[in-house]
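The values are calculated or read from the model by the stated rules, or taken from the named source; none is laboratory data. Remember, it's a predicted structure, so these values are computed and weren't measured experimentally. Don't worry about glycine lacking a Cβ; one is built from the backbone with ideal geometry, like all the others, and counts go over all protein chains shown.
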Amino acid sequence: MERRNVGRGAAVACAAVVLCATGALVGPVPAAYAAPEPEGKRDLEEVHRKIEDLYRRAERATDAYNAAKEQVERQQKEIVQLAKDIVSTQEKRKELKRQAGSLASAQYRGGGLPAEAKLMLNKDPEGFLDHATLARKGQHAVRTVLGQLARTESDLQGYAQDATDRWDRLEKERKKKAAAKKDIEKKIDAAERIESQLKAEEKERLKQLEEDRAHQAQAKWLDSGILDEIGGVASAQGKKAISYATAQIGKNYVWGAEGPDTFDCSGLTMRAWEAAGRAIPRTSQEQWRQLPRIDIEDMRPGDLIIYHEDASHVGMYLGDGTIVHAPRPGRQVTVAGAGSMRILGVVRPDAKA
């Protein structure tokens with residue numbers, strides 16, 4: 001099958017060569033994969049299914065954790081800004097009350113007579129007009145100050161209510177975040193307990209089984225001829241995002257992490273595109289929901305491939321049928337086959353709205 005090499009960066013080319021050399025990305029499934037299953041293989045497959053299921057559910061919970069964390073951080077900033085607005089408005093109210101008091105004092109010093117009465121008592125026509133002008137200005141000043149004071153009081157009440165509402169929402173998001181964290185840790189602990197019960201040779205076989213499954217899925221994807229349709233070239237921003245992402249290869253996956261030393265899947269793609277000058281959503285689900293979607297045939301390096309029907313995983317396309325991604329706990333940022341997992345769709349961070 002003829003393939004177009006759309007990954008231009010040295011890191012991408014090197015990674016693709018390594019993966020091709022190891023047989024992880026292309027070529028037919030070796031005959032050894034079709035050999036009779038050894039005794040206990042079926043049980044090991046069940047173990048693999050349970051572990052994968054636990055990590056998948058942990059990944060979904062990680063998206064929920066990241067979303068709640070983002071909301072908590074946003075609401076904390078908004079509450080701080082509201083507090084500043086409240087203090088500023090209180091100072092404004094204090095000044096307006098002082099002005100209102102000064103106007104009241106001035107009226108008291110004038111004998112307490114209404115301005116209209118003073119006009120009627122003035123027999124001098126020029127003085128009458130002068131007093132009329134001053135009276136209008138005084139009345140306007142009083143109305144202006146009292147109107148500003150009323151609006152300020154209303155603003156202050158609004159800020160206070162808004163702060164209360166946001167605080168309630170903040171507490172709800174904190175609870176969601178704590179619940180998601182507990183859920184993540186519970187599922188990861190369960191997966192690690194299962195793995196810890198395996199013998200060394202079983203762990204090695206389990207690792208090989210994972211690689212076989214990924215290889216078979218990738219081979220099936222490539223056999224569809226998809227690479228004949230994909231020929232996009234990375235944009236300038238896409239190249240910067242790829243450069244950042246591939247520079248993180250070998251760093252540990254840690255749920256909820258967004259760099260610089262550890263990453264989860266969407267933390268890696270977010271930081272990569274941030275380095276390219278484009279802010280994108282924090283979670284893979286929001287990346288799928290908010291970013292422009294494109295057909296897989298139009299995919300180009302730098303685009304994000306969203307995986308699984310719940311959009312719980314994301315990787316960055318490198319070209320030549322490969323992605324860079326942060327797989328799961330216990331793994332490192334690595335290059336893998338773009339078709340090694342179930343593809344939900346593709347989004348383009350630098351697409352124009």
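Below are the figures for this structure:
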{"quantity": "Among residues of the range 188-223, those that are assigned to a loop (DSSP other than H, G, I, E, B) and surrounded by 12 or more Cβ atoms within 10 Å (Cβ to Cβ), counted", "calculated": "1"}
{"quantity": "Residue that is farthest from residue 55 (Cα to Cα), among those in the range 295-353 that are within 17 Å of the chain's Cα centre (by Cα) and acidic (Asp, Glu)", "calculated": "350"}
{"quantity": "Residue within the range 115-125 that is modelled with pLDDT under 80, surrounded by fewer than 17 Cβ atoms within 10 Å (Cβ to Cβ) and within 45 Å of the chain's Cα centre (by Cα) present", "calculated": "no"}
{"quantity": "Condition met for residue 338 (at pLDDT 95 or above and under 23 Å from residue 236 (Cα atoms))", "calculated": "yes"}
{"quantity": "Members of the range 291-332 found to be of a type in the set (Lys, Arg) and either within 18 Å of residue 240 (Cα to Cα) or outside the structural domain of residue 240 (by TED's automatic domain parsing) (or both), listed by number", "calculated": "300"}
{"quantity": "Top-ranked residue in the range 280-299 [being part of a helix (DSSP H, G or I) and touching a strand residue (DSSP E or B) at 6+ places or on another chain (Cβ under 7 Å); ranked as surrounded by the fewest Cβ atoms within 10 Å (Cβ to Cβ)]", "calculated": "296"}
{"quantity": "Tally, over the range 266-279, of residues that are crowded, with 24+ Cβ neighbours inside 10 Å and over 15 Å from residue 69 (Cβ atoms)", "calculated": "4"}
{"quantity": "Pairs with Cβ under 6 Å, 6+ apart, first in the range 69-88 and farther than 13 Å from residue 167 by Cα and in contact (Cβ under 8 Å) with a residue 24 or more places away in the chain, second assigned to a helix (DSSP H, G or I) and of a type outside the set (S, T, N, Q)", "calculated": "69/177; 85/159; 86/159"}
{"quantity": "Qualifying position, being at pLDDT below 85, touching a Leu at 6+ places or on another chain (Cβ under 7 Å), part of a loop (DSSP other than H, G, I, E, B) and of a type in the set (A, V, I, L, M, F, W, C), among 26, 6", "calculated": "26"}
{"quantity": "Residue pairs meeting the criteria (Cβ under 6 Å; at least 6 apart or on separate chains; first over 14 Å from residue 303 (Cβ atoms), in the range 267-279; second outside any helix (DSSP H, G or I) and of a type in the set (A, V, I, L, M, F, W, C))", "calculated": "267/257; 268/326; 270/280"}
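So that you can scan it fast, the table gives a plain yes or no per residue for (1) over 21 Å from residue 294 (Cα atoms); (2) in contact (Cβ under 8 Å) with a residue 40 or more places away in the chain:
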position: 166; (1), (2): yes, yes
position: 170; (1), (2): yes, yes
position: 174; (1), (2): yes, yes
position: 177; (1), (2): yes, yes
position: 184; (1), (2): yes, yes
position: 201; (1), (2): yes, no
position: 204; (1), (2): yes, no
position: 224; (1), (2): no, no
position: 242; (1), (2): no, yes
